[in-house]
Each structure stands twice: as structure tokens, then as C-alpha cells.
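Undergrad: Structure below; questions to follow.
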Amino acid sequence: PEAPSSNATDAAEDQGEVQGRVLYNGSQLWKTFDITKEKISVLAELRDEKDISMWGGNTTSIDILVKADSVDKVKERLTENNIQFEVVIDDLQRAIDEENPTDLELDDRRGHRLTWQAYHRLPDIHGYLDYLAQTYPQLCTVQTIGQSVQGKAIKLLRISNGNPGNKAVWVDGGIHAREWISPATVTFIINQFVSNFENEPAAVRNIDWYITPVLNPDGYEYSHTTDRLWRKNRGRGGIGGTCAGVDLNRNFGYKWGGRGASRNPCTETYGGSGPFSEPETSAVRNFIQSNSGANWKAYVSFHSYGQYILYPWGYDRVVPPDYKDLENVARRIASAIQRAGGPHYTIGPAANTLYPASGGSDDWAKGMAKFKYSYTIELRDNGRYGFVLPAAYIQPTGTEALEAIRVVAEAASAA
Ligand code: ARG
Ligand code: ZN
């Protein structure tokens, strides 16, 4: 996640840039401790002065990206204000360069190029979905549910054994461009389901799965080609288009425009000109609404980072009437992950656990589309690498997400 209304503008404008690529040489990732309301305002000031941007954390500890030229200034300001910190990554560009192996053999022997040893570009991911539909036509179908701002396909894979009584579960990834572990994890789940379908538990086999690994294809590609830390889509912001990008997880139409969403197109949490102003979010709404024949029960959106299992509400520090049910399933998810040897995931209602943020897909799924279960799962890690999680973590993260989604399948079956 990222802390409330961070203010990093078009990074290309004010960071080092070579051949159209934003570079982060000398920029650092710091973890700050014992954060209080007063200390947050010190950080907010530094953010507004464009010395830092907020990456993640929670109410007591916040991860900040410190720009190369601001390291001394920020150090001074934090010391003056008694804010403890620790340098976690001393050169962000080096971490970015080391994150993803580039020497993989990607021959087409299996009919597709996707692996779970590296983060892949969009055509590899979409090519994999097409390959599955061709190879397993009785189980898998691919559909383009809409087009991004720049006209890229938003592809959805449906996995179904065709049983008429199946409940339906929605899974998406890649709402936020820079959270690369999310699409990688979603395709990891797809791969396990499809290649081992007969061995999956009955609860998994008897679900109609609707899975979109990359909901924000423009942003995802932009984070590969131009700015590794891009979060939003690539829509024009505001009238005249001063800054690019809408935060798609502030653009859904339930309590849109409330707390934790910004009206300023130049911020990271800009909610767009109105609810569902963006083609990426309206594709989700249109697909789910037009498939009202599906027996929708659960909505799961994968993000990173922080290791959280969040349920509504996100717009404010309140919970839905049946929150106990959501809490129970969240607890079962977290236990399943730990039982499988995974790390601790914190569970709770989104606004209370992280911060209020309105216009999220999870709130819309629960509040408008009436999914019984709605979760945002923030995958690894908890701040060692943050968004720049080395590709070696795809397998362990995917393995625990698979545990999580199996629990969701059980809950959806019983709902
Ligand atoms: N990191 C996510 C975000 O900032 C958390 C979303 C939780 N859900 C919510 N409706 N606020 O978008
Ligand atoms: Zn996210």
C-alpha cells in the first residue's frame, strides 16, 4: 500500500532520467519508527516539498523513499523531530537492477513464455492465458473485458468445470502498476489450478473462477519501460491533462471521493474525475454486472506490500454488519498461510488496519455488487524490499497465496 495521499508527481519530471527512463540512483528506502500524528505531519511536509514519497507501513512505522538529493536534508529533519529511522535500501536503482533476472531461457517449447522465476512483460502474461484457453478448452476460456486508456486488452481467464451449481469467485491483480508480485502471484495460482486441476480440493474444482491478472495493463507496462515505481493507470489527469494517471483503487463507485482519495491529478491517490471514470475500473463493473447469472460470492484483489488480509470497509473506520464472517475467513486464510510455513499476515478491516481510503475495489464489491466476501490481500514483503521484491520471492509468495485462495473457495462454496 502507500500512506494517505502521497504526493510524488510524474516522477519523470523531477528524478534523474536517462533515455526516457526514470532512474533512482542514490535514492534510498528508509523505515521510520514510533510514528505519531505529529511525526506524520513532518513526513507529510517532506513529501509536499518533494524530498520523499511514502511507500507503505502502518500507523506506527512508515517506509519512505528518500530522493538522492534530499538524503541530508531528510536526515536532519527527522533527527530534529526525534523520528527514529533505519536505512533499508541504500541505493534503490541497484535494487531495481537486481530485482529481475534477465538471463532466463524463454524458449517457446511449452507454447508460452511465462515462468515464475522472473517478472514478465504483459505479452508473456496474456500469451499464457491464450495458451491455456487453447490447451484446455474444456476448462479455460479467455475473454477481453475491456480496453485500457491506451487500448491494451484487459484479459480475463475463466476456469470452470461447467457444473451448473457452481458459485463464482472474482480474482484480480495488477490494479497498481508497480506491485509486480501481484500479477505474478495471480498467474501462479492459475498455473497450479489448471495444471493440477484434478488434485485440487472439491471446493476449488466446483467454483467458476474469473481471473484478471493485470487490471492496469498500461501502468504495468509503463512500470517496466519507464518508471519502475509508477502506481496509477495512464489516463490523463484533470482538465488539460497536467499530470498523468488515476489511482484505480480510488476510482470504484462506492463512497467515491471520500477520505484517503485525492482530487489533485498530480498525486498518487488521485481518484479520477468521477466514479468509474476509467475504462479499467468500468470494465470490472460492466463484466460483473452483466454476468449477474454467475453466483458471485467472493472478490479477491491482490496487491503489495505489507502482508495484510484486509476486508471492508476501506472508506472509513467502520465495518459491515456481517464483519464477523469476513474476520473469521480472514483468520482462516492467515492460519492456512502459517501452517504452510508462510509468514505472518495481519488481518483486519482496511481503514482501521492501514488507513481510510475510499473508492477501492473491495468496498465496491461488498457495498454495490453484494459479494458476501471481499478481500484485498497485500502480499509480501513487510518492507525489506517493498515494491522491488526480488523475483526469487514469486514462488514462496505464490504458494501462500494459493493456500489463501483455497480457503476463499471453501468459504464461497459454503456461502
Ligand atoms: N494498499 C491499498 C490501497 O491503498 C489498500 C486498499 C484497501 N482497501 C480500501 N478500500 N481502502 O489502495
Ligand atoms: Zn496496491
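The values are calculated or read from the model by the stated rules, or taken from the named source; none is laboratory data. Just so you know, these numbers come straight off a predicted model, no measurement behind them. Cβ coordinates were reconstructed from backbone atoms using ideal geometry, including for glycine residues, and neighbour counts include every protein chain displayed.
Undergrad: Out of everything in segment 210-241 that is of a type in the set (A, V, I, L, M, F, W, C) and surrounded by fewer than 24 Cβ atoms within 10 Å (Cβ to Cβ), what residue ends up being nearest to Asp172 (Cα to Cα)?
TA: Ile211
Undergrad: Are there any pairs with C-beta distances below 8 angstrom linking a residue in segment 355-374 that is within 15 Å of Ala283 (Cα to Cα) to a residue that is charged (D, E, K, R) and more than 10 Å from ligand 1 (Cβ to nearest atom), with the two at least 6 apart or on different chains, and if so which?
TA: Every condition considered, the pairs that remain are Ser361/Asp172; Trp364/Arg285; Ala369/Arg285.
Undergrad: Looking at (1) of a type in the set (D, E, K, R); (2) touching a residue at least 24 places away in the same chain (Cβ under 8 Å); (3) under 22 Å from Ser304 (Cα atoms), find the lone condition where Arg158 falls short.
TA: Among (1) of a type in the set (D, E, K, R); (2) touching a residue at least 24 places away in the same chain (Cβ under 8 Å); (3) under 22 Å from Ser304 (Cα atoms), the lone unmet condition for Arg158 is (3).
Undergrad: In segment 368-405, how many are outside any helix (DSSP H, G or I) and either within 16 Å of ligand 1 (Cβ to nearest atom) or not hydroxyl-bearing (Ser, Thr, Tyr) (or both)?
TA: 22
Undergrad: Condition test on His126, is it modelled with pLDDT of 95 or more and assigned to a helix (DSSP H, G or I)?
TA: So His126 fits the description; yes.
Undergrad: Suppose we filter Phe287, Phe252, Phe276 for residues that are surrounded by fewer than 24 Cβ atoms within 10 Å (Cβ to Cβ) and within 16 Å of ligand 1 (Cβ to nearest atom); which single one remains?
TA: Phe276
Undergrad: Still on this structure, please answer the following. Only residues that are of a type in the set (S, T, N, Q), within 24 Å of Ser277 (Cα to Cα) and away from ligand 2 (no atom under 14 Å from the Cβ): list them for segment 345-386, please.
TA: Ser358, Ser374
Undergrad: Confirm whether Ser304 is at pLDDT 95 or above, within 16 Å of ligand 2 (Cβ to nearest atom) and more than 25 Å from Ser413 (Cβ to Cβ).
TA: Answer is yes for this residue.
Undergrad: Quick one: is Ala244 under 26 Å from Tyr220 (Cβ atoms), surrounded by fewer than 24 Cβ atoms within 10 Å (Cβ to Cβ) and touching a Lys or Arg at 6+ places or on another chain (Cβ under 7 Å)?
TA: Spelling it out, Ala244 is indeed under 26 Å from Tyr220 (Cβ atoms), surrounded by fewer than 24 Cβ atoms within 10 Å (Cβ to Cβ) and touching a Lys or Arg at 6+ places or on another chain (Cβ under 7 Å).
Undergrad: Here's a check for you: in segment 341-355, which residue that is assigned to a loop (DSSP other than H, G, I, E, B) and at pLDDT 95 or above is nearest to Asn251 (Cα to Cα)?
TA: Among those that are assigned to a loop (DSSP other than H, G, I, E, B) and at pLDDT 95 or above, it is Tyr345.
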